[in-house]
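Working notes, beginning with the structure itself.
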Protein chains: 2
Amino acid sequence: MKEARAWSQLRSETLIETPWLKIARDVYVKPDGSEGLYTYVDIPGSTMTIPVLESGELILVRQWRYLMQRSSLEFPAGGLKPGMSPLEGAEEELREEAGYAANSWEKIGEFAPYNGVSNEYCHVFIATGLEEVGVEPESTEEIEVARLTVDELRRQIVSREIWDGMTINCFALYELRNATK
Amino acid sequence: MKEARAWSQLRSETLIETPWLKIARDVYVKPDGSEGLYTYVDIPGSTMTIPVLESGELILVRQWRYLMQRSSLEFPAGGLKPGMSPLEGAEEELREEAGYAANSWEKIGEFAPYNGVSNEYCHVFIATGLEEVGVEPESTEEIEVARLTVDELRRQIVSREIWDGMTINCFALYELRNATK
């Protein structure tokens, strides 16, 4: 299979910076020498964790998604902070969003959720040996923890009750990993 | 299950506009009355199509992903243009990227690939009754068409050769739809 041809970065500038992301604009050059502009989301990686209880149930969190004006049921996830490893980020998000700590972590994949617009990779973990450690009071007002069986999750994806792409993505990696193990 | 609490939009402004997307910033208000700023990608919806040949093989396209500096194998996809229905957009992308027309279209789902940062919904179609119509000469330099069996696709997701989140997502919807049919 021939390799698709590379576009290379010539220059990059940050147009906007918030605590969560930057908006950057690059000047790139194509193999034929022509130049173009690329405006995109410049963001450190993220993590998403599939917490698996001994019963086989999976833990998800429901939160309000402002941009879609709906609540969404998702695996615990979050952006990496500078200097934080993916595993450290996943541990922090599992504790802060779902109120759990885990004895055992397994990285099962990584993917780019939105590669045309954002340079983010999402690192995917399975967490087992779960222990409830409780969430901070301010979190409980905005995030609700739910336990679903694998079958319930499949059904809620088909029925579109679960509509977060990254959650569907991680669940697919989980199912494929279990099928090929 | 209690509903997560809504954050509402107070004001919105466009900070950057390109031919493909806008960067917008909203002032929102939380249920407790506090206000905040939300900077995000404001973009029309998109489509991704799973083209299924009579053999059961699926058609994917390989293209260079500038932001990740790698080539990526993905289902044909693209952003919706103003006034274009999801089906019209999917038909156009299938023809332009992969060089196929389809007799039969089935919408099997929709999801938000990146709901914390972008307001995009991706509409997912299966296309069958495929006929090769050829691609434009300029497209062939940048996009290569590939045919994969369902098993090959599963393996390439597990091995991380396929790492585009939206493609993994659509494949998961395809597998779930076939399992529950």
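Side notes on the structure shown:
- Counting the residues of the stretch B:22-54 that are without any contact (Cβ under 8 Å) to a residue 40 or more places away in the chain and within 15 Å of residue A:114 (Cβ to Cβ) gives 1.
- Answer residue from the stretch A:88-112, given it is under 21 Å from residue A:136 (Cβ atoms) and among the hydrophobic types (A, V, I, L, M, F, W, C) and is nearest to the chain's Cα centre (by Cα) among those: A:90
- Residue within the stretch B:130-139 that is of a type in the set (A, V, I, L, M), more than 9 Å from chain A (Cβ to nearest Cβ), in a strand (DSSP E or B) and touching a residue at least 60 places away in the same chain (Cβ under 8 Å) present: yes
- For the stretch A:119-128, the condition holds for no residue, the condition being that it is over 30 Å from residue B:109 (Cα atoms), at pLDDT below 95 and away from chain B (no Cβ under 11 Å).
- The criterion of at least 1 residues that are more than 12 Å from chain A (Cβ to nearest Cβ) and either in contact with a helix residue (DSSP H, G or I) (Cβ under 6 Å, 6 or more places away or on another chain) or over 21 Å from residue B:166 (Cα atoms) (or both) is met, among strands (runs of 3 or more DSSP E) falling completely within the stretch B:1-57, by B:8-17, B:35-42, B:46-51.
- Yes/no for residue A:85 being within 18 Å of the chain's Cα centre (by Cα) and surrounded by fewer than 20 Cβ atoms within 10 Å (Cβ to Cβ): yes
- Residue check for residue A:71: polar (S, T, N, Q) and closer than 26 Å to residue B:70 by Cβ: no
- Residue match in the stretch A:85-100 (condition: polar (S, T, N, Q), assigned to a strand (DSSP E or B) and modelled with pLDDT of 95 or more): no
The values are calculated or read from the model by the stated rules, or taken from the named source; none is laboratory data. Just so it is clear, the model here is predicted, and its values are computed rather than measured. Note that we place each Cβ from the backbone using ideal geometry, even for glycine, and neighbour counts take in every protein chain shown.
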